[in-house]
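The next block holds one structure in the form of structure tokens; read it before the comments.
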Amino acid sequence: MKRVRVFFKGLLVIVLCIMLLGVIPSKASSAGFKKEYKMTVVVTPAFYWGQGAIKFAELVKKKTNGKINIKPYWRSSLLKGAQLKSAQMVANGVIDCAMESTINISPVITECNLFSLPFFINTFENLDKIEYGSAGKEIFKAMEKKGIVGLAWAENGFRQVTNSKKIIRRPEDLKGLKIRVVGSPIFIEIFRKLGADPVNMNWADAVTAFQQGVVDGQENPVGILVPVKIWQYHKYATFWNYLVDPVVFYWNKKQWYSFPKEIRKAIKEAAEEAGRFEKALCRAGLDGDKSLNILKKEFNYTMKVPQPIKYMESQGMTVTFLTDEERKAFIEATKSLYDKWVPKIGEGLYKKALADMGK
């Protein structure tokens, strides 16, 4: 018995020595994975976008059997609030991955301004055709050239305008209104073309400005309007789908291709599933029962606010939808911006998007 114990102790020492020498790597060293992969996210879990980030992290852990653990960092904290630098920081490898709006990566990936062309896409069907068509593939290729790998599409939604002054049905109704917009140049140019006075500020400052009456309105998707309780500041909302705000999962290119194929496959599948879940959250109640059924049947999830428009109205808001004729007036007022922005985005990409939509 003593000899057996001595034998196994000796064998254990030999195995440990071999592992230290690297002949037989331990499970951890063979994997070569980090303890934590940092993901930058602009919003918090209070928003659908944030819930999509949580879903992604959960699915990645599950599908990789715990080998890849992603930690979301909210409010662009890894960027010290400078959300427009997300693509650059991920490309440089400072941050591992992101779930980010195409608006925020457009300074680096100029092709993403395609989604910000005014009154261009305007339906969920058109958006899906572009994202999963030739234009979407072209955008992912452009991302890779800049050092980031696009994994899957998610969504923030079509952006609607709200204000505290009046119903907006015509371009003239925006004249002189101070509207808070994001910092992307095309947003500022759109509202100037419509006669408004666009101002860029962070959300906390914007809320103060709304309360003080210094700023009259803002533009955001429903998935933002409901959580921030926009009715506390604005009585009027116009649903005009003037542009859309897709969200994309992406990863540092160098790190991505260092992963084994089965890990890449698992992460990509997780991104696609999380993207489908998050898109359904953003569209719930806005596309009939389609997204509500996806959430219920595929994810066993029930929306707290299944009818966001009715809910906004129940909070005292007047919600207006444009007629085709009213919409044409806005298209006419902003069409000159295409002459400037289509060449920046790329004529080829623009034509592919038109073909994807069947226009």
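For (1) basic (Lys, Arg); (2) assigned to a strand (DSSP E or B), each residue gets a yes or a no:
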{"position": "GLU111", "(1), (2)": "no, no"}
{"position": "LEU114", "(1), (2)": "no, no"}
{"position": "PHE120", "(1), (2)": "no, no"}
{"position": "LYS129", "(1), (2)": "yes, no"}
{"position": "ALA135", "(1), (2)": "no, no"}
{"position": "ALA152", "(1), (2)": "no, yes"}
For ASN113, which of the numbered conditions (1) modelled with pLDDT of 95 or more; (2) over 23 Å from ILE190 (Cβ atoms) fails to hold?
(2)
Which one of these does GLU58 not meet: (1) buried (at least 17 other Cβ atoms within 10 Å of the Cβ); (2) assigned to a helix (DSSP H, G or I); (3) at pLDDT 95 or above?
(1)
So MET317 ticks every box in (1) of a type in the set (A, V, I, L, M); (2) in the same structural domain as LEU117 (by TED's automatic domain parsing); (3) over 28 Å from GLU138 (Cβ atoms) but one. Which box is left unticked?
(2)
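Conditions (1) of a type in the set (A, V, I, L, M, F, W, C); (2) assigned to a helix (DSSP H, G or I); (3) exposed (fewer than 14 other Cβ atoms within 10 Å of the Cβ); (4) assigned by TED's automatic domain parsing to the domain that holds THR238, marked per residue:
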| residue | (1), (2), (3), (4) |
| --- | --- |
| LYS265 | no, yes, yes, no |
| ALA271 | yes, yes, no, no |
| LEU281 | yes, yes, no, no |
| GLY285 | no, no, no, no |
| SER291 | no, yes, no, no |
| LEU295 | yes, yes, no, no |
| TYR311 | no, yes, no, yes |
| GLU326 | no, yes, no, yes |
| GLU332 | no, yes, yes, yes |
Of the residues LEU127, LEU84, only one is under 26 Å from LYS352 (Cβ atoms), out of contact with any Ser or Thr (no Cβ under 7 Å at 6 or more places or on another chain), surrounded by fewer than 22 Cβ atoms within 10 Å (Cβ to Cβ) and touching a residue at least 24 places away in the same chain (Cβ under 8 Å); which?
LEU84
Tell me which helices (runs of 4 or more DSSP H) are completely within the range 173-263 and hold 2 or more residues being aromatic (Phe, Trp, Tyr) and in contact with a helix residue (DSSP H, G or I) (Cβ under 8 Å, 6 or more places away or on another chain), or say none if there are none.
185-193
Applying the selection to the range 88-101, what residues are assigned to a helix (DSSP H, G or I), surrounded by fewer than 24 Cβ atoms within 10 Å (Cβ to Cβ) and touching a residue at least 40 places away in the same chain (Cβ under 8 Å)?
MET89, ALA91
Looking at the range 239-256, which of the residues that are touching a Phe, Trp or Tyr at 6+ places or on another chain (Cβ under 8 Å) and of a type in the set (A, V, I, L, M, F, W, C) is nearest to ARG327 (Cα to Cα)?
TRP240
I need a count of the residues in the range 264-287 that are touching a residue at least 60 places away in the same chain (Cβ under 8 Å), closer than 10 Å to TYR48 by Cβ and of a type in the set (A, V, I, L, M).
1
In this structure, is PHE140 part of a helix (DSSP H, G or I) and buried (at least 24 other Cβ atoms within 10 Å of the Cβ)?
no
Which residue is nearest to THR208 (Cα to Cα), if the candidates are limited to the range 140-193 and must be outside the structural domain of ARG327 (by TED's automatic domain parsing) and without any contact (Cβ under 8 Å) to a residue 24 or more places away in the chain?
PHE140
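The values are calculated or read from the model by the stated rules, or taken from the named source; none is laboratory data. These figures come from a predicted structure and were not determined experimentally. Positions of Cβ are generated from backbone atoms using ideal geometry, with glycine treated the same way; all protein chains shown enter the neighbour counts.
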